[in-house]
Amino acid sequence: IKIYSYQMFSFFKKKNSQTHKLCYEVDLHSHILPGIDDGSPNTEKSIGLIREMQNWGIRKIIATPHIAEETFENTPETIKNAWDLLKTALKSEGIEQEICYSAEYRIDDGFIRMFESNQLIPLPDNYLLVENSFIQAFWNLDELLFQLQLKEFKPILAHPERYAYYHNQKNIYTTMHNNGCAFQVNLLSFYGYYGKSVKEAAFWLAEQGYIDFLGTDLHNMNHVQAISNFLTTKDYTKLISKINIKNDMLK
């Protein structure tokens, strides 16, 4: 009886600890570079986050630290330095992981200056991850997105579902998407991590066929736990049946 009980316990422990996989292998939105924004503070934490991403089936990570005026005034140099530091730490731990970098650009006056001086770091295929302020959209957003496309950038709006000022004006999503701006929605949003209205907006975007990319937007282990929980839910199964994402085109 004791042996039987132990075997049953082991069986259930193994089943419950099973890691569920993401529906893509390239993550284009994360804050895993150490010490340069509100994501990972050091290489030890970065490596912990990367191990979790590997467990989800991520094979390529495009790190996207914040660049925003007066908060995270990163440059190509500060980002590369953090990337070099992380690559060295991974090598010393014997961890193989493909990591490249771009940025998550807050659309502000600083972004305009970087755009005009050719300092932007695009994602593969000249995609560019940009974000609005959570208080209000940039005053000349439509024109700026158009200008980016004229310069052969492909803008991706990060987490459009999180901008509450669009929730009652969903026609703006339609216009923006139809005008060539791709949308990247956070996995955390579908789990309800940011609240009910954000979750509803995320699923509305999925129903409309407006989701081009998914992203972890990973900052910390709380995010890891929430995403891991989401991958076990019916909502995740429902989501992946409704979307046709382009993440793995960025390999």
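Key figures
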{"item": "Test: residue 248 is under 15 Å from the mean Cα position of the chain (by Cα) and either more than 24 Å from residue 24 (Cα to Cα) or assigned to a helix (DSSP H, G or I) (or both)", "result": "yes"}
{"item": "Residue 107 being among the β-branched types (Val, Ile, Thr) and either in contact with a strand residue (DSSP E or B) (Cβ under 9 Å, 6 or more places away or on another chain) or within 13 Å of residue 156 (Cβ to Cβ) (or both)", "result": "yes"}
{"item": "Looking only at segment 39-54, and only at residues there that are surrounded by fewer than 22 Cβ atoms within 10 Å (Cβ to Cβ) and assigned to a loop (DSSP other than H, G, I, E, B), the one that is farthest from the chain's Cα centre (by Cα)", "result": "42"}
{"item": "Subset of segment 193-208 [assigned to a loop (DSSP other than H, G, I, E, B) and open to solvent by 50 Å² or more (accessible area, probe 1.4 Å)]", "result": "193, 194"}
{"item": "Checking residue 59 against (1) open to solvent by 80 Å² or more (accessible area, probe 1.4 Å); (2) among the charged types (D, E, K, R); (3) more than 17 Å from the chain's Cα centre (by Cα), the condition it does not meet", "result": "(3)"}
{"item": "Strands (runs of 3 or more DSSP E) fully within segment 91-151 counting 3 or more residues that are in contact with a helix residue (DSSP H, G or I) (Cβ under 8 Å, 6 or more places away or on another chain) and either in contact (Cβ under 8 Å) with a residue 60 or more places away in the chain or buried (at least 17 other Cβ atoms within 10 Å of the Cβ) (or both)", "result": "127-131"}
{"item": "Selection within segment 70-84 - crowded, with 17+ Cβ neighbours inside 10 Å and either among the aromatic types (Phe, Trp, Tyr) or more than 21 Å from the chain's Cα centre (by Cα) (or both)", "result": "72, 83"}
{"item": "Any chance residue 237 is among the polar types (S, T, N, Q), open to solvent by 70 Å² or more (accessible area, probe 1.4 Å) and in a loop (DSSP other than H, G, I, E, B)", "result": "no"}
{"item": "Flag for residue 36 being open to solvent by less than 40 Å² (accessible area, probe 1.4 Å), in a loop (DSSP other than H, G, I, E, B), among the β-branched types (Val, Ile, Thr) and under 28 Å from residue 109 (Cα atoms)", "result": "yes"}
{"item": "Single residue of 166, 191 found to be in contact (Cβ under 8 Å) with a residue 40 or more places away in the chain, touching a helix residue (DSSP H, G or I) at 6+ places or on another chain (Cβ under 6 Å) and either more than 24 Å from residue 121 (Cβ to Cβ) or not aliphatic (A, V, I, L, M) (or both)", "result": "191"}
{"item": "Selection status of residue 180, outside any helix (DSSP H, G or I), open to solvent by 10 Å² or more (accessible area, probe 1.4 Å) and under 17 Å from residue 249 (Cβ atoms)", "result": "yes"}
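Listed here are the residues, each with its yes/no results for (1) touching a helix residue (DSSP H, G or I) at 6+ places or on another chain (Cβ under 7 Å); (2) under 19 Å from residue 131 (Cβ atoms); (3) of a type in the set (D, E, K, R).
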site: 156; (1), (2), (3): no, yes, no
site: 161; (1), (2), (3): yes, yes, yes
site: 174; (1), (2), (3): no, no, no
site: 208; (1), (2), (3): no, no, no
site: 212; (1), (2), (3): no, yes, yes
site: 239; (1), (2), (3): yes, no, no
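The values are calculated or read from the model by the stated rules, or taken from the named source; none is laboratory data. All values derive from a computational prediction rather than experimental measurement. Cβ atoms come from the backbone with ideal geometry, glycine included; neighbour counts cover every protein chain shown. Ligands, DNA and RNA are stripped out before the accessible areas are found, and what is left, the full protein with its side chains, is counted by its heavy atoms. Shrake-Rupley method; radii C 1.70, N 1.55, O 1.52, S 1.80 Å.
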